[in-house]
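The values are calculated or read from the model by the stated rules, or taken from the named source; none is laboratory data. Worth saying up front: this structure is predicted, and the values here are computed from it rather than measured. Cβ atoms come from the backbone with ideal geometry, glycine included; neighbour counts cover every protein chain shown. Note: areas computed on protein heavy atoms with side chains; ligands, DNA, RNA excluded. Shrake-Rupley method; radii C 1.70, N 1.55, O 1.52, S 1.80 Å.
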Amino acid sequence: MPSKKALVRRPSPRLAEGLVTHIAPEPVDAALALRQWEGYVETLRAHGWQTVEVAAADECPDGVFVEDTMVVFRNVALIGRPGARSRRPETEAAERAASGLGMSINHVRESGTLDGGDVLKIGDTVYVGRGGRTNAAGVRQLRAAFAPLGARVVAVPVSRVLHLKSAVTALPDGTVIGHPPLVDDPSVFPHFLPVPEEAGAHVVLLGADRLLMSASAPKTAELLAALGYTPVPVDLTEFEKREGCVTCLSVRVRELYG
């Protein structure tokens, strides 16, 4: 059977020192962030996901955003090379965790840069955001790693947000959702649904019709509920202050067969 495993990493007490690029820095409550992270992890578990905790990286303020360390396609983990040099130490422990799950490991090599948050997978189509954190060499290396496995890699521009998945994610039927002011070119996606809130652009598919999303997007939750989905809200205010969202707090592994 397909897997439902999620790599997670608890927040550093230095989260407030994390990088921000498109928003103004705000004070972060580290104790509240830990409680919110625990709530996020518990929500995954409550919906049938086995969480695997990557070794803590307290010296890395952004380490909790573990999705940026890799991209997983089928049974292969492509370990990224973060566009922000200060984040590169985050990948080593994440690679060990992926290897421990039995995944094949590839690496993005110099001069490529690739953040996992720049990659949106919809079936066999892999959209890659080309922007501040992922460069053209990183896109080429991702294509070389995954095209032989059946992936169709599509590069898309990202200039208004940190990562591609800061702007868009996808519903179970493949419809891409996003907050229009943050999306460079919605026409790139065959089916695009605008949502009324920035935080509403981010969903994690929990299974069936259930969508993990931020409690900061109640209007979007109403919209998605009217379309027949079941929103599962979680509080993520402290991570949103660091350009984080529901997708970047985990690496979901759905095609690991045992």
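Worth a mention:
- Residues with amide H under 5 Å from that of G63, placed H, sequence gap 5 or more: S12
- Scalar couplings 3J(HN,Hα) for the range 238-245, obtained by applying the Karplus form with A = 6.51, B = -1.76, C = 1.60 to θ = phi - 60°, are 5, 7, 5, 5, 10, 6, x, 7 Hz; x denotes Gly and Pro.
- Residue by residue, the range 15-21 carries 3J(HN,Hα) couplings of 3, 4, 8, x, 6, 9, 10 Hz when phi is fed to the Karplus relation 6.51 cos²θ - 1.76 cosθ + 1.60 (θ = phi - 60°); x denotes Gly or Pro.
- Taking every alpha-carbon pair under 8 Å whose residues sit at least 6 apart, the chain reaches a relative contact order of 23 percent.
- Here the accessible area is traced with a 1.4 Å probe on the protein chains. For the chain, carbon and sulfur cover 52 percent of it.
- With the simple spin-label model, which puts each label point 7 Å out from Cα in the Cβ direction, the S187 to H47 separation comes to 3.4 nm.
- Across the range 20-116, C-alpha contacts under 8 Å between residues 6 or more apart give a mean separation that, scaled by the residue count, equals a relative contact order of 26 percent.
- With at most 14 other Cβ atoms within 10 Å, longest stretch of the chain clear of loop trypsin sites (Lys or Arg not before Pro) (DSSP): 1-108
- Remark on L193: its backbone amide H falls under 5 Å from those of V176, I177, G178, a criterion applied only to residues 5 or more positions apart or on other chains, H modelled at 1.01 Å from N.
- Stokes-Einstein D for the chain, Kirkwood Rh over Cα pairs, 4 °C, 1.567 mPa s (µm²/s): 72
- If you run the Gaussian network model on the chain, springs between alpha carbon atoms under 10 Å, then out of G112, G129, G244 the most flexible one is G112.
- Surface per residue (accessible, 1.4 Å probe) for the range 169-258, Å²: 40
- CD proxy at 222 nm, helix term only [per DSSP H run n ≥ 4: -39500 (n - 2.57); per residue of the chain; nearest 500]: -6000 deg cm²/dmol
- Remark: relative contact order (the range 106-258) = 16 percent; criterion is Cα-Cα distance under 8 angstrom and separation of 6 or more residues.
- Shown are T21, T169, whose ranking by accessible area with a 1.4 Å probe and every protein chain present, most to least, is T21, T169.
- Evaluating 6.51 cos²θ - 1.76 cosθ + 1.60 at θ = phi - 60° for every residue in the range 158-172, the Karplus couplings come out as 9, 9, 9, 9, 5, 10, 4, 7, 6, 9, 9, 9, 9, 7, x Hz, glycine and proline recorded as x.
- Sparsely packed GluC sites (Glu not before Pro) within the range 224-258, loop by DSSP, other Cβ within 10 Å at most 16: E255
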